[in-house]
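Novice: Structure below; questions to follow.
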Amino acid sequence: QVQLVESGGGLVQAGGSLKLSCAASGSLFSIDLMGWYRQAPGKQRDLVASVTSTGGTLYGESVKGRFTISRDNTKNTVYLQMNSLKPEDTAVYYCNTIYGGWRDNVWGQGTQVTVSV
């Protein structure tokens, strides 16, 4: 079984920063992609950022230039550095990974990020 555990969420004032971490553990041989998604109340779950095993990154339009995704392949861990946070960034942030030669997909439990005015 593969499990993703997110950490680093919390409360921050607008303009502040947070860094989220997501560690993958379990019976996985390789990580093909790790990414962050977020879901606010009443909203769809949207892509925040993703990074592939080749290092390619993709960002949601609303976070481009403010958030940075990075990975530590040796630890199967992905990070999301969030700067210049806005109240609109308030959401539950979910880590996602595709692994095993793009065969499998698993989600983390989510971590709450709340940005106050």
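The values are calculated or read from the model by the stated rules, or taken from the named source; none is laboratory data. In this text the structure is predicted, and so the values were computed from the model without any measurement. Note: accessible area is taken over every heavy atom of the protein model, side chains too, but ligands, DNA and RNA are not part of it. Shrake-Rupley method; radii C 1.70, N 1.55, O 1.52, S 1.80 Å.
Novice: Determine the relative contact order of the chain: mean sequence separation of Cα pairs under 8 Å and six or more apart, normalised by residue count, in whole percent.
Specialist: 37 percent
Novice: Sticking with this one: In the P(r) worked out for the stretch 53-104, what percent of Cα pairs fall beyond 12 Å?
Specialist: In whole percent, the share of Cα-Cα pairs in the stretch 53-104 beyond 12 Å is 74.
Novice: While we're here: Please calculate how many Å² of accessible area the chain carries per residue, with a 1.4 Å probe and no DNA, RNA or ligand atoms counted.
Specialist: Heavy-atom accessible area per residue stands at 53 Å².
Novice: What's the lysine pair count for the chain at a Cα cut-off below 17 Å, pairs eight or more apart or interchain?
Specialist: Close lysine pairs under the 17 Å cut-off: 5.
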